[in-house]
Amino acid sequence: MSSNDQQAAKALEQEALKLDTRRCEVLLAADGAGLAAIVDEGLTYTHASGRRDTKATYVDSVSTGRSKYTRLDREEVTARAVGNVVLVEGKVNMTVVVEGVEKNLYNRYLGVWTAVSGKLLLTAWASTKLN
């Protein structure tokens with residue numbers, strides 16, 4: 001890999017890490033529009049429970065308060081660029097109220113961020129329970 005390629009990969013990784021932080025901010029703020037701005041139209045979001053969301057259902061769940069995130073503490077977050085895709089992995093200790101039921105979760109996650117028209121967007125997400 002050339003020096004330019006390495007620099008480009010590092011820049012993509014840093015951007016994906018910033019966007020992953022932004023994702024947490026918009027979830028905590030219940031900002032559906034903010035979430036929609038960083039999520040790809042073809043999003044596949046797989047929860048640790050096995051339930052899947054599309055962009056429309058995920059954004060709706062957050063913006064309507066059906067899923068209310070009150071705590072998102074991430075750890076061991078890393079990013080690795082592979083071409084125009086960045087894999088962001090980490091652990092998250094979170095509290096979310098889903099349809100009125102509070103859940104405290106400790107999950108490992110993998111987010112796939114893809115460059116779409118020059119902008120990184122979350123295209124896939126999967127998590128698994130650690131507790």
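We did not get these values from a lab; they are worked out from the coordinates using the rules stated. Everything numeric in this text was worked out from a predicted model, so none of it was measured. Note: ideal-geometry Cβ built from the backbone for every residue, glycine included; neighbour counts use all protein chains shown.
Values for this structure:
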quantity: Top-ranked residue of the range 12-34 - restricted to ones that are free of Cβ contacts under 8 Å to residues at least 60 places away in the same chain and over 12 Å from the mean Cα position of the chain (by Cα), ranked as surrounded by the fewest Cβ atoms within 10 Å (Cβ to Cβ); calculated: Ala33
quantity: Test: residue in the range 38-57 that is closer than 22 Å to Glu15 by Cβ and loosely packed, with under 14 Cβ neighbours inside 10 Å; calculated: yes
quantity: Matching entry among Arg66, Arg80 (being surrounded by 13 or more Cβ atoms within 10 Å (Cβ to Cβ), in contact (Cβ under 8 Å) with a residue 60 or more places away in the chain and of a type in the set (Lys, Arg)); calculated: Arg80
quantity: Residue check for Tyr106: part of a strand (DSSP E or B) and surrounded by 14 or more Cβ atoms within 10 Å (Cβ to Cβ); calculated: yes
quantity: Where Ala9 falls short, out of the listed (1) closer than 21 Å to Leu110 by Cβ; (2) free of Cβ contacts under 8 Å to residues at least 12 places away in the same chain; calculated: (2)
quantity: Test: Ala37 is among the aliphatic types (A, V, I, L, M), without any contact (Cβ under 8 Å) to a residue 24 or more places away in the chain and within 19 Å of Val97 (Cα to Cα); calculated: no
